1. Just to be sure before I move on: is Ile658 over 15 Å from Val273 (Cα atoms), in a helix (DSSP H, G or I), aliphatic (A, V, I, L, M) and modelled with pLDDT of 80 or more in the structure I sent?
2. Quick one: Lys5 ticks every box in (1) over 21 Å from the mean Cα position of the chain (by Cα); (2) modelled with pLDDT of 75 or more; (3) of a type in the set (Lys, Arg) except a single one, so which number is it?
3. Tally the residues that are surrounded by 21 or more Cβ atoms within 10 Å (Cβ to Cβ) and under 17 Å from Pro509 (Cβ atoms), restricting the search to region 136-165.
4. Quick one: in region 510-560, of everything that is in contact (Cβ under 8 Å) with a residue 40 or more places away in the chain and of a type in the set (Ser, Thr, Tyr), which residue is surrounded by the fewest Cβ atoms within 10 Å (Cβ to Cβ)?
5. Can you find even one residue in region 628-637 that is among the hydroxyl-bearing types (Ser, Thr, Tyr), at pLDDT 80 or above and part of a helix (DSSP H, G or I)?
6. Condition first: part of a helix (DSSP H, G or I) and buried (at least 21 other Cβ atoms within 10 Å of the Cβ). Now tell me which residues in region 298-314 satisfy that.
7. Every residue in region 74-102 that is of a type in the set (A, V, I, L, M) and either at pLDDT 70 or above or in a helix (DSSP H, G or I) (or both), please.
8. Can you tell me how many residues in region 104-115 are outside any helix (DSSP H, G or I) and either farther than 15 Å from Pro556 by Cα or within 25 Å of the chain's Cα centre (by Cα) (or both)?
Amino acid sequence: MREDKEFQEFRELMQRPDSFEDGTGWRSIVMAFFVGLLMTPAQLYMQLVAGIEMGPAAQWVTVILYVEVARRAFTKLKRPEIFVLFYMCGAVIQSDGGLLWRQFIVQSEMMQKLGVTEFIPSWYAPSDPHVLAQRSFLMSAWLVPIGLIVLLQAITRLDHFGLGYVMFRLTSDVEELPFPMAPVSAMGMTALADASNQQDSWRWRTFSIGGMAGMAFGAIYLAIPNITGAVFSESVKILPLPFVDLTDFTDGILPAVPMLISFDLTFVVTGMVLPYWAMVGAFIGLLINMTANPILYHFGILKNWEPGIGGIQTIQANMMDFYFSFGLGLALAIALIGFLHLFQNFRKAQKQADESGAIRQRIDWGKLFHPPKGRGDFPLWVALGIYLLSTSTYILLGYLLINHVRPLPAEVDGVRTYFPLWLLAFYGFVYTPVISYVSTRMEGIVGQQVQVPFVREATFILSGYKGASVWFAPIPFHDYARQAQFFRTTELTGTKINSLVKAELLILPVMLLGTVVFSQFIWSIAPVPSEMFPYANEFWELRAYQQGLLYSATLPGEAASPFKEAFTPAYLGAGLVVALGLYAILSRFGLPIFLVYGIVRGLDKSAPHAIIPMFIGAVLGRFVFRRRFGENWARYRIVFAAGFTAGVGLITMLSLGIVFMSKSVIKLPV
């Protein structure tokens, strides 16, 4: 088979560089503050308004601006510098404004309806209506929740250099697994380094085209409503935001079917990138739902649905009656199918690797203690110490918060409310190392991780614990495979690992600042959720309902009835049988496995408003753009999608600046 230029470049990136460099510098620090102080509020606002996750986009926008400024200053950037900046930006924008969700969850109508609200601990969020009415996190009642956020953020950042680093040394240095997905990010850094060094690249041109398209759409979809809403009493919406609800017009023909359609082109672009057959399957699953729901309603299974309640409440009613349990069965089936394919791919990849000599039969364990020179490694005992410290902190803090800082007495109706310490220790010191090693090996060989669904939730329920604090407490339940792959990407870019330690020390204060300050500013503009934040206004109660059903499983006494009502083993079995049956039929006829995943996603109806535009994007990509660009379309679409998302994020950031200035002026004293 002929090796083209891109394949040759990919293969070269699989090799360890001969030298490593420190990627930190004062310029990276300046740009990290830029993304922390400007992109973070834009990300929070986009999540609230349109439900758009712009985390990677914010990273790319910042790095691109950095590259362009450097080019005009006649400065050349190296891959380690670009990689460290990308890492810093990603860490900063991960401060996702969880405070806004916390203030909502204690006021949620769904949580109150399910009986969960009174059991939400005060260390998670204060529930005093007087405190919440102030719409301010700068109050004494919020000191403990914010303090815990700060502590956990610091532990989480430190934990990145613990067990994940040990897994990297075991699987990459000792076993020499290839980690096939790691070079993808490294190739992106190479493209930006090419641009910095005045080298023309198809990646840069494609990214720029996608960025301009994203800016144009973002101006219509987000910027105009944001700016007009800040200037006038009502915002001007050219396109419905976040979706149009047609359920009231179709419920006479299609009872119990939520008819939601989004006009967000981001879903169309995403549909172009994701596997075609997965999108076809999702659309087929949606059609099956549109057929099955009226039948289920006719036979009295969907008994809580009523005409005229709208799309979101239709989803809630159907979830209580059928889809909560049915969805658990679908998830279990997907896990079983995933394990089967992981095992098959693992055996196939290991056989090929053994034949080619890529995986050695005799492992040189000496490499575990003698890493490559100049890579910036630190001793393994330091990493193990970090793992023991962080895990022990999680266990101790979680145990104290659940069992000693709780709204429940030691016993309720004769049932103990304590969560067992041994189970927390089992999570941290048994399950986490085992699943991390297995998952890291799978990632290193076939580029896929092991995911076991509902282990954490099932053990909570079966432990005998009564209360709700365990759902909000820090639990040492982790899989470090992703972190191990990240260290492999760090190595492929020629970046010293210890430069990431310096980066963490720089970005932690920015993260903590953004978590409080920007959440406070957004909350001061208007209640969250409200009409000013359409996506949160539509979906947050649905999300609270989904979580509340699960939380109610551990509540004492009659408070557990919502979970008991929603959980039906027969419906769970039906979901399992349907998904496994579809897999058997499609496998028998040799159809793509992605079709199974897509149909299950459509049946689960996790995002009915997004399925139609994503299917349209898949069809356009397959039958229009693929014919136009030929074999190059597979490469173009990924880079175009990254540029499109970055363009939407950039124009939203600019419009959000106007909104913030407008609201600040309004609040000035006369």
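The values are calculated or read from the model by the stated rules, or taken from the named source; none is laboratory data. Note that this is a predicted model, so its numbers are computed, not measured. Using ideal geometry, Cβ is built from the backbone for each residue, glycine included, and neighbour counts are taken over all protein chains shown.
1. Numbers: over 15 Å from Val273 (Cα atoms): yes; in a helix (DSSP H, G or I): yes; aliphatic (A, V, I, L, M): yes; modelled with pLDDT of 80 or more: no.
In short, no.
2. The one condition Lys5 does not meet is (2).
3. Of the residues in region 136-165, 0 are surrounded by 21 or more Cβ atoms within 10 Å (Cβ to Cβ) and under 17 Å from Pro509 (Cβ atoms).
4. Going through the qualifying residues, I end up with Ser524.
5. The first filter runs over region 628-637 and keeps only residues among the hydroxyl-bearing types (Ser, Thr, Tyr), leaving 636.
Okay, now just the ones that are also at pLDDT 80 or above, so 636.
Restricting the remaining residues to those that are part of a helix (DSSP H, G or I) gives 636.
Yes - at least one qualifying residue is present in region 628-637.
6. Within region 298-314, Gly311, Thr314 meet the criteria.
7. Residues of region 74-102 that are of a type in the set (A, V, I, L, M), as a first pass: 77, 82, 84-85, 88, 91-93, 99-100.
If the condition is that a residue be of a type in the set (A, V, I, L, M) and either at pLDDT 70 or above or in a helix (DSSP H, G or I) (or both), then Leu77, Ile82, Val84, Leu85, Met88, Ala91, Val92, Leu99, Leu100 are the ones that fit.
8. Initial filter on region 104-115 (outside any helix (DSSP H, G or I)): 106-108, 114-115.
From what is left, the residues that are either farther than 15 Å from Pro556 by Cα or within 25 Å of the chain's Cα centre (by Cα) (or both) are 106-108.
Going through region 104-115 one residue at a time, the tally reaches 3.
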